Structure formats: C-alpha cells, structure tokens
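The values are calculated or read from the model by the stated rules, or taken from the named source; none is laboratory data. On a predicted model such as this, the values are computed, not experimentally measured, just so you know. Using ideal geometry, Cβ is built from the backbone for each residue, glycine included, and neighbour counts are taken over all protein chains shown. Ligands, DNA and RNA are excluded from the accessible area calculation, which covers all protein heavy atoms including side chains. Shrake-Rupley method; radii C 1.70, N 1.55, O 1.52, S 1.80 Å.
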Amino acid sequence: PRPLRSAGGSMSVVEHVREMAAAGLHSNVRLLSGLLLTMSGNNPELFSPSQKYQLLVYHADSLFHDKEYRNAVSKYTMALQQKKALSKTSKVRPSTGNAASTPQSQCLPSEIEVKYKMAECYTMLKQDKDAIAILDGIPSRQRTPKINMMLANLYKKAGQERSSVTSYKEVLRQCPLALDAILGLLSLSVKGAEVASMTINIIQSIPNLDWLSVWIKAYAFVHTGDNTRAINTICSLEKKSLLRDNVDLLGSLADLYFRAGDNKNSILKFEQAQMLDPYLIKGMDVYGYLLAREGRLEDVENLGCRLFNISDQHAEPWVVSGCHSFYSKRYSRALYLGAKAIQLNSNSVQALLLKGAALRNMGRVQEAIIHFREAIRLAPCRLDCYEGLIECYLASNSIREAMVMANNVYKTLGANAQTLTLLATVCLEDPVTQEKAKTLLDKALTQRPDYIKAVVKKAELLSREQKYEDGIALLRNALANQSDCVLHRILGDFLVAVNEYQEAMDQYSIALSLDPNDQKSLEGLQKMEKEESPTDATQEEDVDDMEGSGEEGDLEGSDSEAAQWADQEQWFGMQ
C-alpha cells in the first residue's frame, strides 16, 4: 500500500516535488523533500525505489542551489546508489502496464546530469581530482558537450594536455561554434589551421560568419606569443563594420598592447571597452595595474570600488585594490589581497604577479619565486611573468639563474625590444657582460626607439660611464613623443650632473606632476631646493624602473599595517 499516491490518478507527492523543482522553488523543495526523506527512512515501504531516487536528486539540487556543495555531493552519491538498486529491480519486475508507470520512468532525473552536478560540486570544493574521476567514469558516447567542456578544462588545469585536446575537439565536433573550446585548443598549441578546419563547414553554410576564420587566426597568434601579428589581425577584424566596438575584441587588443609593452595604447583600449560596457570585469586587473604603475592611484582606488560593486566574487577587484596597496608601499595588505584573489580564481595571472611582487618586496624571495613560476606556467607568452622571476633571482644574487632564464626567454619569445632589454638588464648586473648589455640595448632601441625600459637601462649604463651629454640626448629624444615620470626624473638627474640646475628642477616638477608619489623626484627636488653643493647633487641615483625595486631599504619598516594583517596568515599560502 502506498498512501502517498493519491487515488483517482491525481499527482503523487513526489510529482509535486518534481513540479516545484521544475518551477525553480528550491527552498520549498528543500523543506518538503527533507521531510519526505525522513518519512521514507522511518518506513522503507512508503516510496518506491524510483521515488526515493527522485527525492534524493531534488533534495541535492536544492542544496546545490544553496551552495552547500559537500552536503549536496553526499545526497547525490546516495541517489546514485539508489539508482543502481533501481536498475537491478526494474529488470526483474514485469511492467504492470498501467499508464502511471510509463511517465514515471520517462521523467526520472538523468544519471549523467547527476554526475555532472557532482563534478560541479567537487570543482567548487577545489577537489579537481574527484571531479575528473566522476566525469571520466561516464562512457565517452554518453558525454554531453558540457561534460566534455568541463573535462577539457579540468584536464588542462591538471596538466593532462593530450586528454584536454581530445575533449575540446569532442566539444567542437558536437558544437562547431564553441569559441571557448577553440581558444582552449589554441592555448594547448594546436595549430590554427587544424582548428579552423573543424569549423570550415559551418562558416561556409551560414551567412555573415566569414570573420570567424580571421578570428581563429588572430587568437592563434595570441597563443604563440606573436603580439604584433595578433594586434594587426584583431585590428583588421575591429575595422569591419559588423564587429566594430566589440568589447571582447577591444579587451584582447588592450591586453596585447600591454604584452607588447605599449602601455599608452593598452590604457586607451581598456578605456574604450569600459565606456562600451560599464560592467566589464575581464582585463580590469591589468588596467588597474597599468594605472597604478603610472602613479594614478586615485583612479585605481575608484576603479577598485566600482569593480567591488559589480562583483566581489571575481579576482579582478581584489587585484586592483592590491595594486593600490602595493604602489602605496603597503606590502602586507597587497599580499593579503593578492592571496584573496588567488583563492577566488587560481588561474589569475595578475593575482599571482601581485602576490609575488609583494612577497619579494617583503624580503620573502623564495616564496615569491614559487608564485612567479606558477604565473609562467599559466601564461608562457607573457614577458612580465619572466621579469618578476628574474628580479627575484637578481634580488637574491643568483645572477647565473637570471642569465639562464633571460636567455631562454630570448630564444622562446624571439628577439624583440622587450626580450633584448630583459637580457641586457641581467647583463648589466655582471661586470663581465657590460659590453654585451650595451649591444643588446642598442639593438632594442633600433627596433623601438621609444621603448621606455630600454631607454631607462641605456641611461643607467651612460650614467655609469659618466656620459651625461649622451644620456641627455637619449632622454630628450625618447621624451619627444611621450611623457613618462621616470624618464623626466632621470633627465633631471643628468642635468644636475652637468650643472643645469634650473632645467633639472623643471624636469623633477614635470615628473612629480605625472606621479605625485615618485619618491626619487621628490628627493631630487628637495636637494635642489636646499641648494646643496653640486658635488652632492651629482651622487649617482639608482635609475631603475623595474617594479618596486630601489625600495628594498625601507621595506620592513614601511608597513604600518603589518600588525593589522598579520592575523590574516591563512590567506598567505598558495591555495
């Protein structure tokens, strides 16, 4: 006897639960299914195995909706055990042929969907191995596109590249316009031509999709680190009237300009994207970092507040806020914010770089190295990840390691102004390789006369050789088409060296107008105002643009907040 199936063919209580679940009444489902499961526990005869399976799944779904993932997993597991028992019994029991049993079997929640939900719970709980195991258990013929997509992403994260490629290809076979799966394949070094061949039929059969092959080509360049051709290809797409003002393309362009070391254009493109979509989050961490580097700390603070209003569940607002702290020399706060960002998104390269830089500036170089290495693993084409690691090596006097790394970058990313300058930076540290540094910097400046890092390093070299007139010519030339705080400051230092005091003061003032927090310009100006003897003023200033270096002296004492954040140690480890 089943008192809970009402007479006269009307709905059973389990069907009511199902209807509420379908209607999205999760809190109601949770309460009712919880009570019914207790009844079933006290009287096992009350519900059939298939009804128990349904109740467990609907109950677990409502827990999932309440973000109680561990609890949901345990209920899903019970549901799958119940389903096993059900398939055993259903084979034996003859069909009674009554109409009620047929819809019953038709609307049982799918076992594959249950496994997918379990995998989602596991990823939320950061148990990727368990997520892979449960999805791996689904026979490949039964895998839906979303299961293949999730598997591909999990395999990629776990470093199982072959399996990841296979799963992404499976997604494309089922859904040839799955663009994120295309990006996944390109990021795993699958050739652009091979990826394009998988979508060629659909491009030819649907009007207005001719841009897709160019789009694939553009992102193939992005993932091989060919920034110049990537920029040109995306610009050609952007000019097409149909794709003009696309926020994703603008964001990609901004990111590419940033990677190519063209910060001015990068900021312009980020601003354009932001105007088009005021709720944009993606890429805003890089934008915040660029603003902070330029000393626009008020803008960074406003950006951080705005992003927190949009979502505090993304890494970007935390990174932007962390950049503000880092450039205000509050390193332990920057460290905490970086760790919080990593906790929200372990793939956030910008968060790893922020945390690494904060650790380095707090003197915790070995921990910093771990973070920069992880950033390099996630973004092997981004030069700033290598720069961070090389700075750590130089800070701990491991010039050999720095040299090996700089040479590797030079070989893998090709000889461009950025890689030449990075190698020169390391060569400058070793008295034996000064001449090599000079040659490398000249090559870099021939390629890109306005590349600020190369200009700064060349100036440093000329300053060592006391060739101040050459330095002044170099800096004036670099400042002809751009304005940069560091360049104005170094020009000020050089002018002091040749006793041009009035103009030196002008240069320091310009530098301070560009970045009011620039300590060295301030010191230069104060020296001039005290009108100290010219010999003192000639004292060699440490001319260095590399992130936060030259501040090592006052690191430990500079952080008034150290105590306040000390109790936040739990964030400091890599999640």
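Taken together, the residues in the range 507-534 that are in a helix (DSSP H, G or I) and either touching a residue at least 40 places away in the same chain (Cβ under 8 Å) or open to solvent by 70 Å² or more (accessible area, probe 1.4 Å) (or both) amount to 6.
Within the range 385-424, being touching a residue at least 60 places away in the same chain (Cβ under 8 Å) and in contact with a Leu (Cβ under 8 Å, 6 or more places away or on another chain) holds for Glu387, Gly388, Leu413, Ala417, Gln418. The listed residues are Ser87, Ser40, and the only one of them that is in contact with a Lys or Arg (Cβ under 7 Å, 6 or more places away or on another chain), free of Cβ contacts under 8 Å to residues at least 24 places away in the same chain, surrounded by fewer than 21 Cβ atoms within 10 Å (Cβ to Cβ) and not aromatic (Phe, Trp, Tyr) turns out to be Ser40.
Scanning the range 214-236 for residues that are farther than 15 Å from Asn265 by Cα and of a type in the set (S, T, N, Q), we see that the one that is farthest from the chain's Cα centre (by Cα) is Ser236. Would the range 133-148 turn up any residue that is in contact with a Ser or Thr (Cβ under 6 Å, 6 or more places away or on another chain), within 15 Å of Thr166 (Cα to Cα), at pLDDT 95 or above and surrounded by 18 or more Cβ atoms within 10 Å (Cβ to Cβ)? So far as the range 133-148 goes, yes, one or more of its residues are in contact with a Ser or Thr (Cβ under 6 Å, 6 or more places away or on another chain), within 15 Å of Thr166 (Cα to Cα), at pLDDT 95 or above and surrounded by 18 or more Cβ atoms within 10 Å (Cβ to Cβ). Across the range 194-224, the number of residues qualifying as in contact (Cβ under 8 Å) with a residue 24 or more places away in the chain and β-branched (Val, Ile, Thr) comes to 6. Given the condition under 33 Å from the mean Cα position of the chain (by Cα) and buried (at least 22 other Cβ atoms within 10 Å of the Cβ), answer yes or no: does some residue in the range 472-481 qualify? Looking through the range 472-481, at least one residue is under 33 Å from the mean Cα position of the chain (by Cα) and buried (at least 22 other Cβ atoms within 10 Å of the Cβ).
Conditions: (1) free of Cβ contacts under 8 Å to residues at least 12 places away in the same chain; (2) of a type outside the set (Gly, Ala, Ser); (3) open to solvent by 60 Å² or more (accessible area, probe 1.4 Å); (4) touching a helix residue (DSSP H, G or I) at 6+ places or on another chain (Cβ under 8 Å). Asn246 meets all but one. Number of the miss? All conditions pass for Asn246, except number (3). Listed by first and then second residue, the pairs linking a residue in the range 104-125 that is modelled with pLDDT under 95 and outside any helix (DSSP H, G or I) to a residue that is open to solvent by less than 40 Å² (accessible area, probe 1.4 Å) and of a type in the set (Val, Ile, Thr), with Cβ atoms under 8 Å apart and 6 or more places separating them unless they lie on different chains, are Pro109/Val57; Leu125/Val73. Among the residues of the range 329-353, the ones that are β-branched (Val, Ile, Thr), touching a residue at least 60 places away in the same chain (Cβ under 8 Å) and surrounded by fewer than 23 Cβ atoms within 10 Å (Cβ to Cβ) come to 0 in all. The condition (being at pLDDT below 95, open to solvent by 40 Å² or more (accessible area, probe 1.4 Å) and over 30 Å from Gln313 (Cα atoms)) is satisfied by just one residue among Pro1, Pro49: Pro1. Among the residues of the range 306-364, which ones are at pLDDT 90 or above, among the aromatic types (Phe, Trp, Tyr) and either out of contact with any Asp or Glu (no Cβ under 8 Å at 6 or more places or on another chain) or more than 22 Å from Ala395 (Cα to Cα) (or both)? Across the range 306-364, the qualifying residues are Phe308, Trp318, Phe326, Tyr336.
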